[in-house]
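The values are calculated or read from the model by the stated rules, or taken from the named source; none is laboratory data. Keep in mind that what you see is a predicted model, and the values were worked out from it rather than measured. All Cβ positions, glycine included, derive from the backbone under ideal geometry; neighbour counts span all protein chains shown. For the accessible areas, the whole protein counts, side chains as well, though only heavy atoms, and no ligand, DNA or RNA atoms are used. Shrake-Rupley method; radii C 1.70, N 1.55, O 1.52, S 1.80 Å.
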Amino acid sequence: MGPARRPPLALGVLAASAAVAVTTGLLFPLREVAPVISLGVVYLLGVLGVAAVWGAGLGVATAVASALAFNLFHIEPTGRLTIAQTENWVALGVFLVTAVVAGSLAQAARSRALEAEEGRRAADLSAELARVLLSADDLEAALAPAAQRIAAAFGLDSAAVVREAPAADPRRVALPVEGHGWLVVPAAAPGAVRERLARAVVPTLAALLDAGDARARLLHEVVETRALRRSEDIKTTLLRTVSHDLRTPLTAIAASAEALASPALAEDERRELAQGAADQARGLSALVDDLLDLSRLEAGRAEPRRQWLALDEVLDAAADGLPRERLELRLGDDLPLLHADPVQLGRAFHNLLDNAVRHSGGQPVTVRAQPVGAKLVVRVTDRGPGVPEAEHERIFQPFYRADHDRPRSAGSGLGLAIVRGFVESNGGTVHVESHPGAGASFVVKLPLVEGAR
């Protein structure tokens, strides 16, 4: 978008001289087919060409030189700068005026064309800057690409858009972008370029940065609003969960405690009540653990404490408290080690196994694992009624309890949300593959460290 550069003036003088000489020579054979006095218009071709490229000044000089050459070589008496007939004076005067006017018009037309081209390029640059700045998620990160486009458009070695006042540097010139920072360009940039930057680019940049800052504020407010709404939803759901899932075991424990105080209770009944109270207490403890895990995940405070670990050991620990006779582990030979948090993965796989056992309808649950590329893929498959496709993502939401043909359980709706949270915090992914009536397969993909054994 830098200003169009004219060819050197010396080249223009050479071109003007050549045009006058060639035209003068060309008129000699033309005199045989047309009156001499009418052939002066041929000089206008050279005048227009010179004026269009080098401007009206050299165009006028070319017109004068053409008039002199025309008089000297073609108007009687030739060889002298005199004119014998009055009508030839009139013709030569008309030619000179016409040549000067034509040259000026050619220069004006060229100037308008250059202005139109400059306006088009300015509009293209503005559109490109708007695309870069207003479509970016991070406005500050988009400043560098925007500055690169400005530098490329104006043929500058470099450019930068900065928010803070730049340090004094004789090699740089800082153009203020009102209220938003500075556009920094090389001090060696021509004055005309700096003037055009200040006139055309800086106001556009200021408007775009103002719009970008406003957009960033709105996005921040939207994110905060969504976070607050989600927080309120979680609080409401948590209250419902607490009112039911906490009250039920507490009521059972309180009832068992009161019954155990009765002296008329038989020993076998006493043992049964004590066992029931212990089971309810363990369930209550598990629910509290789930709530604490979820709160850490939601707050982003579940940083994994990574160490090298073997998947079979993690699965063995995760199976504690579950009916092992219903778990079929089919792990590949010589599985590579994982670099992850054993506690978080243990919790995730315990929840997956527990979920599969509860929904398998008494059928065995199969666990398979094998490396696939740079991932260790683990599949936990049950033989229950499956998960409808519409719920493949919902089941990983906190407090979501499926309401379909899978048997409803006493689960809190937190288990699978914690699975996804802990798997993703260790760099993995989890999803479900299922068709109604064909069981469900939960697929966990964990990253492998290159060279792990």
*Of everything in the range 357-411 that's under 31 Å from the mean Cα position of the chain (by Cα) and of a type in the set (A, V, I, L, M), which residue is modelled with the lowest pLDDT?*
390
*Test: residue in the range 176-185 that is touching a Phe, Trp or Tyr at 6+ places or on another chain (Cβ under 9 Å) and open to solvent by 20 Å² or more (accessible area, probe 1.4 Å)*: yes
*Would you mind finding the one in 199, 149, 131 that is more than 30 Å from residue 220 (Cα to Cα), open to solvent by 20 Å² or more (accessible area, probe 1.4 Å) and not in a loop (DSSP other than H, G, I, E, B)?*
199
*Considering only the range 354-392, state which residues are hydrophobic (A, V, I, L, M, F, W, C), over 15 Å from residue 328 (Cβ atoms) and either assigned to a strand (DSSP E or B) or free of Cβ contacts under 8 Å to residues at least 24 places away in the same chain (or both).*
372, 376, 377, 390
*Pick out the one residue from 336, 304 that is out of contact with any Ser or Thr (no Cβ under 8 Å at 6 or more places or on another chain), in contact (Cβ under 8 Å) with a residue 60 or more places away in the chain and not charged (D, E, K, R).*
336
_Can you report the number of residues in the range 175-196 which are among the small types (Gly, Ala, Ser) and either in contact (Cβ under 8 Å) with a residue 60 or more places away in the chain or assigned to a helix (DSSP H, G or I) (or both)?_
2
_Members of the range 12-28 that are of a type outside the set (Phe, Trp, Tyr) and either over 13 Å from residue 58 (Cβ atoms) or free of Cβ contacts under 8 Å to residues at least 12 places away in the same chain (or both)_ = 14, 18, 21, 22, 23, 24, 25, 26, 27
_When you check residue 427 against the structure, is it open to solvent by less than 60 Å² (accessible area, probe 1.4 Å), at pLDDT 90 or above and assigned to a loop (DSSP other than H, G, I, E, B), yes or no?_
yes
